[in-house]
Amino acid sequence: MANVTLTIGTRPFTVACRDGEEARLQQLGRMLDERWPGALRAAGNVPGERAMLFVALMLADALDEIQHRPPEGAAVSEPALARIADRLEALANALERDPVAG
């Protein structure tokens with residue numbers, strides 16, 4: 001078991017992790033630290049639990065945005081594609097029942 005010290009803002013936090021996961025944990029710590037100045041401002045410049053809560057909310061917001069973003073290169077969201085497919089299927093069924101003379 002390894003120990004990694006993460007610095008969030010100016011405060012060090014020592015965290016245990018499995019051997020070999022130190023670099024990943026340090027990367028995650030840097031993500032927290034990058035958001036710390038904005039979180040600290042949102043918490044009224046009072047460091048502590050409230051500021052860390054804002055860091056967590058910022059990360060949760062970013063994760064939510066990524067999860068609901070259309071896949072890379074897709075111009076239309078999945079629900080919109082499903083509605084389009086349903087409409088095309090209904091149109092195909094209507095044309096099969098009442099073909100247009102050409």
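The values are calculated or read from the model by the stated rules, or taken from the named source; none is laboratory data. Quick caveat, the model's predicted, so the values are computed rather than measured. All Cβ positions, glycine included, derive from the backbone under ideal geometry; neighbour counts span all protein chains shown. For the accessible areas, the whole protein counts, side chains as well, though only heavy atoms, and no ligand, DNA or RNA atoms are used. Shrake-Rupley method; radii C 1.70, N 1.55, O 1.52, S 1.80 Å.
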Estimated vicinal HN-Hα couplings, Hz - the range 16-26 in sequence order (Karplus 6.51, -1.76, 1.60; Gly, Pro = x):
8, 8, 5, 4, x, 9, 4, 5, 5, 5, 5
What 222 nm value per residue comes from the helices of the chain, counting each DSSP H run with n ≥ 4 as -39,500 (n - 2.57) and dividing by all residues, nearest 500 deg cm²/dmol?
-20500 deg cm²/dmol
Cβ-Cβ cut-off under 14 Å around Arg24, Lys and Arg +1, Asp and Glu -1: the net charge is -1
Cβ-defined net charge surrounding Leu81, 15 Å radius [Lys, Arg +1; Asp, Glu -1]:
-1
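Keeping all protein chains in place, calculate the accessible area per residue for the chain (probe 1.4 angstrom), answer in Å².
For the chain, the per-residue accessible area is 78 Å².
Round to a whole number: what % of the accessible area of the chain belongs to carbon and sulfur, probe 1.4 Å?
Working: 4460 of 7990 Å².
Carbon and sulfur atoms account for 56 percent of the accessible area of the chain.
Net charge around Leu63, counting only other residues with Cβ within less than 13 Å of its Cβ (Lys, Arg = +1; Asp, Glu = -1)? Walk me through the numbers on the way to the answer.
Working: positive: Arg35, Arg69; negative: Asp61, Asp64, Glu65.
That sum, taken over residues with Cβ under 13 Å, equals -1.
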